[in-house]
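Values quoted throughout were computed directly from the atomic coordinates according to the rules given, and no laboratory measurement underlies them. Computed from a predicted structure; not experimentally measured. All Cβ positions, even for glycine, are placed from backbone atoms using ideal geometry, and neighbour counts span all protein chains on display.
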Amino acid sequence: MPPSSLIWEDADISNAQSWWLARSRSEATDDARDFVSAEDPICNYLVGMVRSGSGGTYLVIAAAPLSEAVHLGDVVLTIKDQITGWLVTPLDSATRGYVRRWRRGRDWVLVRRNFPLAIAALLVGGFLGFLVTMFAVTWGLVGWSMLGAGLVLKYIADRKKSEALLGPWERFVVITIAAVVGVIAASISVLTLFWN
């Protein structure tokens, strides 16, 4: 398919209803492909995506930082050029480098914004491990301490929901792993102190 056969439709920038900035549809292959340019608000990039078929998932094939351009239209043109280049050479190292840089930047933002959540869960897990190994087993209050720690962890997850950028299952995994690490570290520390 020659790249010139892509006809782009630009979104009305004044209308905030559309999530895409430019889109095109290609019927030249056996399965129709949609090309979309949209803004990633997490790390201030513009990404170009392709979707094969009507029910397929989007694959990011182009990326450009918004901070390096004076006008949004310049970045949209850059994404269109990268998508056109991807049609000719899908394994172009320059375009793949931009996409890798976008992925690394996005991952860094997600880790940075979820770090307080993980630290809070680690501290609660550490306190739970200390409580269980020092007192709860002797006094028969293991269930109550775990219930209390669970309520605190749920409160932390609900409170950080707006800033965390992760869905409920991802937050659950982050909190669970951090709390388990905290419990293990505290339990090992206490048992090491009192082993002899």
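Observations, loosely collected:
- The protection proxy used here, the mean number of other Cβ atoms lying within 10 Å of each residue, ranks peptides 174-182, 104-112 as follows, highest first: 174-182, 104-112.
- Gain on full stretching of the segment that runs from Val190 to Arg101 - 0.36 nm per residue minus C-alpha separation: 27.7 nm
- Net charge, Val36 excluded, C-beta distance under 13 Å - Lys, Arg +1, Asp, Glu -1: 0
- Per-residue HN-Hα couplings for the range 36-46 [Karplus 6.51, -1.76, 1.60; θ = phi - 60°; Hz; x = Gly/Pro]: 9, 10, 9, 8, 9, x, 5, 10, 6, 10, 10
- Label positions at Arg25 and Arg51, each projected 7 Å from the Cα along the C-beta direction, are separated by 1.2 nm.
- Each Lys or Arg adds one and each Asp or Glu subtracts one; over the other residues with Cβ under 12 Å from the Cβ of Arg103, this totals +3.
- Calculated FRET value between Trp108 and Thr176, using beta carbons and R₀ = 22 Å, to 0.05: 0.45
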